[in-house]
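Here is the structure we will look at.
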């Protein structure tokens, strides 16, 4: 036999043997699915919500002017730390200061006029008193003259006195009566003058009250030319310079914002939480805040201090209830107060917050990807190998009995356990969800070996399927 024939025979034998071995391995592994496995372990678990936002001070003030004027002095600059009452801006005050001086002069003149009227009133009161005294004297003179006249008239009737004596007594009586009437007339005139002076005094008093109000207004306008800080803080925004005009805001047009003062003693991170997560966020929950400017490794502790009740659209603004409703995705504002804010923080820095919404101590956990959904029949056995799917056109052709049977199926979440090389579907009850693991409340035991992947295998894996665990390198 030639060498060539020997080589051909040897090659044929090798091929036959290889084919036999390959077919044997194929027959042995037919129907076996390769999977990845893991263990049910007991550990601490935390459920969290992540959201993006920015750093903001808890309290800040946008300083603006209550009157229009040119800025003549501004002794502060952006980044300065100011205290309550410190001078921030001085506006031009020539006109307002002149108005104050004019109002003060007018008020002083009116008060001097009232003082002069007080003297006139005292003089009029003295004149009235004198007139009343004269009336008393005139009444006494009249009574004496009347008594003398009556006696002379009686004696004249009896012829005891001369006619001229009687006439003289009558003349004295008439003069006394006239003097009394004249004195009474002077009293009425004096009382009228006194009343007139009192009215003038009351009118001047009203004018003084008006002038005092005008002085108060002038002083208020003058005080508005000096703008002082209303809190302790840092000037974080200063868009104006000396020489510019401060504009007062009107109804639909805001005025000039001269500067912003922020109280940096209490700093917050204002973030937007998705509507699907907001139900788990509560006031007082602990949080960790990362600020891009401080580096990815640094986390700032804080706590939730405010949870918004009104939804915010992704395009900005607060939503309102309408008949049609909006399908746009919505966020909710959540404010996190930082416990120990570092001094280098600045308002407006981008931040990412992680809020711990629930924690569990030493609970059973499994990898999140191991959890799947199957349809179970009335006996609690898996009825489908895939996740829940909508009905297909072929389903409409099934019989009435099949439709009734399908109605009895229900979706349950579970995990495939591994026992003797077979995947067995176990219904489980889950709890909170961590970053990579999920709490197993019921259905599994510690150290149970479970199927964790791959995803495509888990999606189609059937109950009681033979499996082979993929060896990790």
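The values are calculated or read from the model by the stated rules, or taken from the named source; none is laboratory data. Fair warning: this is a prediction, and the values are worked out from it, not measured in the lab. Positions of Cβ are generated from backbone atoms using ideal geometry, with glycine treated the same way; all protein chains shown enter the neighbour counts.
Among the residues of the range 215-230, is there at least one that is within 30 Å of residue 127 (Cβ to Cβ) and surrounded by 14 or more Cβ atoms within 10 Å (Cβ to Cβ)?
Checking the range 215-230: not a single residue is within 30 Å of residue 127 (Cβ to Cβ) and surrounded by 14 or more Cβ atoms within 10 Å (Cβ to Cβ).
Go through the range 430-445 residue by residue and tally those that are more than 36 Å from the chain's Cα centre (by Cα) and either free of Cβ contacts under 8 Å to residues at least 40 places away in the same chain or assigned to a strand (DSSP E or B) (or both).
Total satisfying the criteria: 8.
Sort through 172, 167 and tell me the only one that's at negative phi, part of a helix (DSSP H, G or I) and at pLDDT 85 or above.
172
For the range 105-118, check the following and say yes or no: at least one residue is touching a residue at least 60 places away in the same chain (Cβ under 8 Å) and out of contact with any helix residue (DSSP H, G or I) (no Cβ under 8 Å at 6 or more places or on another chain).
no
What's the number of the only condition in (1) more than 20 Å from the chain's Cα centre (by Cα); (2) farther than 28 Å from residue 77 by Cα; (3) modelled with pLDDT of 90 or more; (4) surrounded by fewer than 17 Cβ atoms within 10 Å (Cβ to Cβ) that residue 325 fails to meet?
(3)
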